[in-house]
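Data block below; observations after.
The values are calculated or read from the model by the stated rules, or taken from the named source; none is laboratory data. Source: prediction; values computed, not measured. Cβ atoms come from the backbone with ideal geometry, glycine included; neighbour counts cover every protein chain shown. Just so you know, the surface numbers come from the protein's heavy atoms only, side chains and all, with ligands and any DNA or RNA stripped out. Shrake-Rupley method; radii C 1.70, N 1.55, O 1.52, S 1.80 Å.
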Amino acid sequence: VSIHKDYEFTTTQDPNRPYLTVRGSGDVVFDKKQGVPANLDYKATIIQNDDDGTTDKLPITVSYHLRDPADIKREREAALAKAEAQKKQREEEAATPNPELVDQILAELRKAEGGSRAKSHLARLGTIAIVPDKRDQVLKVVGNHRSNSSGFVSAAAAEALCHWATDDSIDDFWEIVNNDNHIFNGARKTAISRLIALNAAGLYP
């Protein structure tokens, strides 16, 4: 069954200049056998008249298509397989020091130039196995992002620092713990773990 519908919603406080109007039309095909809509296409425009005299128009489109359950099942199975492969890869990266991987991540960090994409690369640095020969290079890059990048990137850098820093970086751990910005929660937990391992004075109060 194919159904066409015209739809209009208008606020009534000011009939001559309504604050909000939504006007559109659409078609829906209803599958009687399955008892659900099979397809829907709807287009509308939202018109908002503000008190300062401006008028904003926002076009919207809504489309719906009933999918084959077999396709969805295959997609879910593929997604689960991908997630399992990624989990295995992360476990291997955390267990086996890999200098080439460190160089690869640092190269990607340089390409990101401190932008939002740097966050994921720094987060990955915070989980892979430490390569002692690369420690100074990594800490230099991480320190730069911690000081000069935006909040979320800086937080990821702080967490990577907690992972790569040696035990004599206790002042850095304390600085991260005492940062009350909620985006540093992950880094704070890692820093606390390092301080617990060091049995740092004053930690428990």
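The GluC sites (Glu not before Pro) of segment 93-192 meeting both criteria, a DSSP state outside H, G, I, E and B (loop) and at most 16 other C-beta atoms within 10 angstrom of the site's C-beta, are Glu113.
Express the relative contact order of segment 95-150 as a whole percentage, based on alpha carbon pairs under 8 Å and six or more residues apart in sequence.
Details: 32 pairs, mean separation 25.3, N = 56.
In percent, rounded to a whole number, it is 45.
Quick one: if the Förster radius is 22 Å, what FRET efficiency do Glu8 and Asp31 give, using the C-beta to C-beta distance and rounding to 0.05? Using R0 = 22 Å, I get an efficiency of 0.20. For Kirkwood radius over Cα pairs in Å, the value computed from the atomic coordinates appears in the list (i) 18.6; (ii) 16.8; (iii) 22.2 under label (iii). Within the accessible area of the chain, the carbon and sulfur atoms contribute 52%, probe 1.4 Å, all protein chains present.
Measuring nothing but how far apart in sequence close Cα pairs (under 8 Å, 6+ apart) lie, relative to its length, segment 48-141 scores a relative contact order of 26 percent.
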